[in-house]
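To start, the structure itself, in structure tokens.
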């Protein structure tokens, strides 16, 4: 009886924890977006106009603002305005460094068609004989490639930490030392976040893929 009760309780936890955490994160994000409406003058805030708080209204307004900004930016006039604003920011010391760094990261993740964070690889890290999972971020250029190029073209790889994958290490590895995996980015993140407790689907390799891996 104790084993049955324990099994039922653990089954309930397996259902409640993912659903509860998902709802909590969504609720947190919606609340943050709702708080953005506080920048509106008090007399014109939706809560005061309608006399009732409407959950999620901030999220709807945020999405609309982003969409409108996209429409304006893609127009000729909007492009000129954005260009003028960027030139203005570019004249402000320190601020321009932060803005340019964030803009390049955003452009790479949202606009670029490269393979940034779209390819999962395995690297011998932090030492030979020990393997870690990482994500290809791009190919370094300029002097970095010249220094490391003696061992062949190098690739930038982000090595996330287990349990806290938002932090990690950035390393540059010769391309021929990378082991490309067929698992998806979502499966790799799940494996890392769970510290190996949740394993990804066992991908069945074709004959050509096995030959390619053997060659590596």
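The values are calculated or read from the model by the stated rules, or taken from the named source; none is laboratory data. Everything quoted here is computed from the prediction, not taken from an experiment. Note that each Cβ is placed from the backbone with ideal geometry, even for glycine, and that neighbours are counted across all protein chains shown.
From the list 92, 66, which residue is under 20 Å from the mean Cα position of the chain (by Cα), closer than 30 Å to residue 138 by Cβ and free of Cβ contacts under 8 Å to residues at least 40 places away in the same chain?
So the residue among 92, 66 that is under 20 Å from the mean Cα position of the chain (by Cα), closer than 30 Å to residue 138 by Cβ and free of Cβ contacts under 8 Å to residues at least 40 places away in the same chain is 66.
If residue 121 satisfies every condition in (1) without any contact (Cβ under 8 Å) to a residue 40 or more places away in the chain; (2) out of contact with any helix residue (DSSP H, G or I) (no Cβ under 9 Å at 6 or more places or on another chain) but one, which is the exception?
Result: residue 121 fails condition (1) only.
Which pairs turn up if I take residues in segment 25-49 that are more than 16 Å from residue 64 (Cβ to Cβ) and look for partners that are loosely packed, with under 11 Cβ neighbours inside 10 Å with beta carbon separation below 6 Å, at least 6 apart in sequence or on another chain?
47/53
Looking only at helices (runs of 4 or more DSSP H) that lie completely in segment 17-124, which have at least 3 residues being at pLDDT 80 or above?
Filter on segment 17-124 gives 57-74, 76-89, 95-106.
Per-residue answers, yes or no, for (1) surrounded by fewer than 11 Cβ atoms within 10 Å (Cβ to Cβ); (2) closer than 30 Å to residue 18 by Cβ; (3) touching a helix residue (DSSP H, G or I) at 6+ places or on another chain (Cβ under 7 Å); (4) modelled with pLDDT under 85:
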{"position": "134", "(1), (2), (3), (4)": "no, yes, no, no"}
{"position": "149", "(1), (2), (3), (4)": "no, no, no, yes"}
{"position": "188", "(1), (2), (3), (4)": "no, yes, no, no"}
{"position": "191", "(1), (2), (3), (4)": "no, yes, no, no"}
{"position": "200", "(1), (2), (3), (4)": "no, yes, yes, yes"}
{"position": "212", "(1), (2), (3), (4)": "no, no, no, yes"}
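Please work out if residue 140 is touching a strand residue (DSSP E or B) at 6+ places or on another chain (Cβ under 7 Å), at pLDDT below 85 and surrounded by 17 or more Cβ atoms within 10 Å (Cβ to Cβ).
yes
Answer with yes or no whether residue 171 is part of a strand (DSSP E or B) and either more than 18 Å from residue 195 (Cβ to Cβ) or out of contact with any helix residue (DSSP H, G or I) (no Cβ under 9 Å at 6 or more places or on another chain) (or both).
yes
Quick one: in segment 115-125, of everything that is in contact with a strand residue (DSSP E or B) (Cβ under 7 Å, 6 or more places away or on another chain) and farther than 15 Å from residue 174 by Cα, which residue is surrounded by the most Cβ atoms within 10 Å (Cβ to Cβ)?
Per the stated criteria, the residue is 120.
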